[in-house]
Amino acid sequence: MASLNSERLTLAETGALALDEAARELDKANDTTSFLKALERNQRVWRTLAHIAMARAWQFPSERQVAYALSTDGHGNGANDERVNTLIDINREVSDILAHGDDIARIRERAHAIWESRGRPQGQDMEHWLLAEMELSSG
């Protein structure tokens, strides 16, 4: 575990991970409760990311992307299938950009495999992501 401490994610990489996870939760929500919970998490991620992006003068996410993401909520404001699918796509697109073009798809797939091999525990996203990054960068 000591090697995990030496691996520090940048704010952009942390944002990329959070957006990717939020997109995954939205995509996999299979009932109203889990869908509303996923939308709520997505809103929190976008509010935080927008604040950081403004404070650090990032080019991404764009103001339009932030506005779109924050206008999609579970209170009757734009939460139809087409809009949610677009939101998922935006999350993934911005996640890829924030990850600086690293092979985020390979990391995502490996982190998912680690999660599955460990019995799908909740709340260990960051650990699985870091382990996947370390495996892929050393291999």
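Remark on THR72: its backbone amide H falls under 5 Å from none of the residues 5 or more positions apart or on other chains, H modelled at 1.01 Å from N.
Between 0 and 90 degrees, the angle of helix 32-56 with respect to the longest Cα principal axis of the chain falls at about 80 degrees. What percentage of all Cα-Cα pairs in segment 2-138 are separated by more than 26 Å? Tail of P(r) above 26 Å: 24 percent of Cα pairs. Of the peptides 19-30, 118-129, the order by per-residue mean of other Cβ atoms within 10 Å, starting with the highest, comes out as 19-30, 118-129. Exposure proxy ranking for LEU87, LEU130, based on other Cβ atoms within 10 angstrom of each Cβ and starting from the fewest, stands as LEU130, LEU87.
Near ARG44, within a Cβ-to-Cβ distance under 13 Å, what is the net charge of the other residues, with Lys and Arg +1 and Asp and Glu -1?
After counting each charged neighbour, the total is -1.
Where a number appears in this text, it was derived from the coordinates with a stated rule and is not lab data. On a predicted model such as this, the values are computed, not experimentally measured, just so you know. Note that each Cβ is placed from the backbone with ideal geometry, even for glycine, and that neighbours are counted across all protein chains shown.
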